[in-house]
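*Asks:* Right, I'll just put the structure down here and ask away after.
Laboratory data are not the source of any read-out in this text; all were calculated from the coordinates shown. From a predicted model like this one, the values you see are computed outputs, not experimental measurements. When we count neighbours, we look across all protein chains shown, and the Cβ atoms used for this are built from the backbone with ideal geometry, even at glycine.
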Amino acid sequence: MPLDPVQERRVRRKTDCIIMPVICLVYAMNFLDKTALTYASVMGLFKDTKITGDQFSWVASIYYFGYLAGTFPMVYGLQRLPLAKFTSFNIIVWGISVGCTAAVNNYAGLLGLRFILGIFESGMVPAILLVVAEWYKPHEQGTRTGVWGSMTSWGCILGGGVAYALAIRQEKGTLALAGWRIVYIWLGAMTITVGLLFLFLIPDSIEKAWFLTPEQKEVAHRRTLENKQHIGEKEWKWYQVREVATDPQVYILALITLCSNVPTGGLVNFFALIVKGIGYNSAETLLLTMANASLGAATMFWMWAGDKAKCRTLVSGTGVALSIIGGVLLWALPLAKKEARLAGFYLCIWNSIATYIATSMVTTNVAGRTKKSVCSGGYVMFLCIGQLIGPQTFRAKHAPRYAPALLTMVILTAINVGLLILLYCYYRAQNAKKDRLYGRPNKIEKDVWVDLTDRENPEFRYVY
């Protein structure tokens with residue numbers, strides 16, 4: 001029996017009003033907590049902790065060593081334990097580590113707390129991918145990924161605004177603590193609060209959704225059957241792990257993620273120093289970083305456009321291609337061209353849209369509960385490796401221009417455009433192959449294909 005469109009819209013609206021805001025809050029805090037370091041870098045962190053420029057690069061990078069160490073234990077925990085409860089615990093612990101950073105006075109303390117932060121943040125993206133895959137249809141997932149992914153930029157408005165206000169007060173000498181310490185105390189308290197919201201508002205599964213009636217739970221389950229993914233499966237299946245190693249899309253997505261996150265890893269930790277190096281003072285720098293929200297608007301637009309055109313790889317990838325222009329402007333223009341270089345900076349950060357395209361493809365195109373868990377962990381691992389390498393391309397001796405790092409960003413973004421085209425061709429070829437072998441897929445009205453991978457399910461077709 002076909003679903004009632006009115007009931008389906010009502011369930012989707014409830015999901016959008018309850019699930020999405022919490023996911024967006026968590027991802028905004030995820031970004032703000034790890035990038036608070038860049039605000040601190042122009043608010044007295046160097047002086048108060050007596051670290052050097054190269055030590056700062058390692059403080060930025062060690063977060064990703066923690067991320068790597070935590071990735072697969074977190075992925076395994078997400079499959080074996082109640083998703084919402086396990087995730088909320090991780091959020092609260094990383095919030096505590098952020099708050100404790102306010103008390104640090106040396107290099108070793110910064111390294112230790114950043115490592116702990118990385119461990120407990122490493123389960124966040126896989127958890128979000130599982131939630132989105134359970135609650136949304138394939139051609140809804142790209143848009144939702146764009147929305148929660150854009151929170152990195154909207155978070156910049158909040159973080160930059162608060163940091164700017166504190167920097168002004170700090171210059172006037174009216175703060176009881178250093179401004180960067182207040183930032184960490186505020187972010188720690190916010191994160192713990194969001195962790196509690198996640199615990200009480202996000203259900204472990206559709207069946208446990210407190211905001212849906214029994215009839216609406218049935219609708220929520222049936223409307224996502226076309227995903228052909230069984231998210232509730234708890235058994236760990238080793239044949240699905242082996243399939244990951246032989247799946248070409250996994251390697252393409254891994255390379256896209258790596259090439260996107262080497263530049264992003266540098267920009268996330270050095271964007272305040274880049275803007276300051278263009279020729280602005282500390283207070284102006286913090287205010288100008290708020291304009292990073294342009295990335296949020298761009299991410300939402302290009303991911304929405306990709307879903308609308310039913311071609312995420314090429315349509316959403318257009319935003320990635322345009323970021324090359326910004327990178328060239330920032331890298332090649334003389335220092336005297338302040339405004340043009342600043343405009344180039346705002347455009348070059350669009351390179352990270354490729355990360356969200358890859359994220360949405362893991363959500364939509366990787367089926368099989370264990371396979372999705374492993375792929376999510378692998379995605380996070382390559383994201384980590386990229387963001388671990390990124391800060392090391394920004395060396396103190398190249399300041400304030402950081403020309404080698406910017407050239408690296410331009411080259412890797414150009415490679416990513418080619419990889420997105422390759423991914424488009426691969427998905428089209430795989431869909432055509434399945435059509436030849438099995439005919440066109442049938443509309444699924446009941447959960448026939450329980451926990452099959454995308455490659456073994458004859459009804460599965462890739463979204464490209």
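*Asks:* When the Kirkwood hydrodynamic radius is evaluated over all pairs of different C-alpha atoms of region 74-132, what value in angstrom, to one decimal, is obtained?
*Replies:* Kirkwood hydrodynamic radius for region 74-132: 12.2 Å.
*Asks:* Going highest first, how would you order 60-67, 101-108, 418-425 by mean Cβ packing within 10 Å?
*Replies:* 60-67, 418-425, 101-108
*Asks:* Continuing with this model, one more query. Specify the angular offset, from 0 to 90 degrees and rounded to the nearest 10, of the alpha carbon long axis of helix 83-101 from the longest principal axis of the alpha carbons in the chain.
*Replies:* 0 degrees
*Asks:* Within straight cross-link reach of residue 371, meaning Cα distance under 17 Å, which aspartates and glutamates are found once same-chain residues fewer than 8 apart are removed?
*Replies:* Those aspartates and glutamates meeting the cut-off are 134, 233, 235, 243, 247, 451, 454, 456.
*Asks:* What angle do you read, to the nearest 10 degrees and between 0 and 90, between the alpha-carbon axis of helix 369-392 and the longest principal axis of the chain?
*Replies:* For 369-392 against the chain, the angle is about 20 degrees.
*Asks:* Something else now. Which order do the peptides 193-199, 40-46 take when ranked by the mean count of other beta-carbon atoms within 10 Å per residue, highest first?
*Replies:* 40-46, 193-199
*Asks:* What are the ³J(HN,Hα) couplings of region 33-47, residue after residue, when phi is run through the Karplus curve with 6.51, -1.76, 1.60 and θ = phi - 60°? Round to Hz, x for glycine and proline.
*Replies:* 5, 7, 9, 4, 4, 6, 5, 4, 5, 10, 10, x, 4, 4, 5
*Asks:* Relative to the present Cα-Cα distance, how much length would full extension add between residue 403 and residue 17 at 0.36 nm per residue of separation?
*Replies:* Taking 0.36 nm per residue and subtracting the Cα distance, the gain is 134.5 nm.
*Asks:* Related question: How much mean residue ellipticity at 222 nm does the chain get from its helices, if each DSSP H run of length 4 or more adds -39500 (n - 2.57) and you divide by all residues, to the nearest 500 deg cm²/dmol?
*Replies:* -25500 deg cm²/dmol
*Asks:* Something else now. Averaging sequence separations of C-alpha pairs under 8 Å and six or more residues apart, then dividing by the length of region 237-343, give the relative contact order as a whole percent.
*Replies:* Numbers: 42 pairs, mean separation 18.5, N = 107.
Reported relative contact order: 17 percent.
*Asks:* Determine by what factor the alpha-carbon radius of gyration of region 349-464 differs from 2.2 N^0.38 Å, reporting the quotient.
*Replies:* Rg over 2.2 N^0.38 Å, computed on Cα atoms: 1.41.
*Asks:* Sort out the exposed loop GluC sites (Glu not before Pro) in the chain (DSSP loop, at most 12 other Cβ within 10 Å) and tell me the longest stretch that has none.
*Replies:* So the longest stretch without any such site is 1-234.
*Asks:* Can you sort 325, 357 by how many other beta carbons sit within 10 Å, fewest first?
*Replies:* The fewest-first ordering by Cβ neighbours comes to 325, 357.
*Asks:* Another question about this same structure. Could you line up 125, 328, 98, 6 from fewest to most neighbouring Cβ atoms inside 10 Å? Before the final figure, lay out each step's value.
*Replies:* Values: 125 24, 328 17, 98 30, 6 8.
The most exposed by this proxy come first: 6, 328, 125, 98.
*Asks:* Give me 181, 114, 440 sorted ascending by neighbouring Cβ count inside 10 Å, so fewest comes first.
*Replies:* 440, 181, 114
*Asks:* While we're here: List, largest first, the extents of the alpha carbons of the chain along their principal axes, each in whole Å.
*Replies:* Over the chain, Cα extents along the principal axes are 69, 44, 40 Å.
*Asks:* Sticking with this one: Work out the length of the dipole vector of region 241-353 about its Cα centre, built from +1 on the beta-carbon of each Lys and Arg and -1 on the beta-carbon of each Asp and Glu, and round it to the nearest 20 debye. It would help to have the intermediate numbers written out before the result.
*Replies:* Values: 8 positive and 5 negative charges, 35 e Å.
Rounded to the nearest 20 debye, it is 160 debye.
*Asks:* Given 407, 357, 422, which one lies farthest toward the positive end of the charge dipole of the chain, if we put +1 on the Cβ of every Lys and Arg and -1 on the Cβ of every Asp and Glu?
*Replies:* Farthest towards the positive end: 407.
*Asks:* If the chain between residue 189 and residue 432 were fully stretched, how many nm would it gain, using 0.36 nm times the residue separation less the Cα-Cα distance?
*Replies:* Answer, rounded to one decimal: 82.3 nm.
*Asks:* Can I ask one more? Using alpha-carbon positions, what is the distance between the centroids of region 101-132 and region 345-360, in Å?
*Replies:* 22 Å
*Asks:* Okay, next question. In whole Hz, what ³J(HN,Hα) sequence does region 250-267 give by Karplus (6.51, -1.76, 1.60; θ = phi - 60°), x for Gly and Pro?
*Replies:* Using θ = phi - 60°, the values come out as 4, 6, 5, 5, 5, 5, 4, 4, 5, 5, 6, 8, 5, x, 4, x, x, 5 Hz.
*Asks:* Now a separate question. Using only Cα atoms, locate the centre of region 379-426 and the centre of region 60-90, then give the distance between them in Å, rounded to an integer.
*Replies:* 24 Å
*Asks:* Loop-only check: which trypsin sites (Lys or Arg not before Pro) in region 353-445 are DSSP coil with at most 15 other Cβ within 10 angstrom?
*Replies:* Values: sites: 369, 371, 372, 395, 397, 401, 428, 433, 434, 436, 443; in loops: 395, 401, 443.
Sites meeting the loop and neighbour criteria: 395, 443.
*Asks:* Report relative contact order for the chain in percent, whole number only (criteria: Cα-Cα under 8 Å, sequence separation at least 6).
*Replies:* Computed value for the chain: 25 percent relative contact order.
*Asks:* May I ask you to evaluate 6.51 cos²θ - 1.76 cosθ + 1.60, the Karplus curve with θ = phi - 60°, for each residue of region 202-218 and list the ³J(HN,Hα) values in order in whole Hz, giving x for glycine and proline?
*Replies:* With coefficients 6.51, -1.76 and 1.60, one gets 8, x, 5, 7, 4, 4, 9, 6, 6, 9, 10, 6, x, 5, 5, 4, 5 Hz.
*Asks:* Kindly express, to the nearest 10 degrees and within the range 0 to 90, the angle between helix 317-332's C-alpha long axis and the longest C-alpha principal axis of the chain.
*Replies:* Helix 317-332 and the main axis of the chain meet at about 20 degrees.
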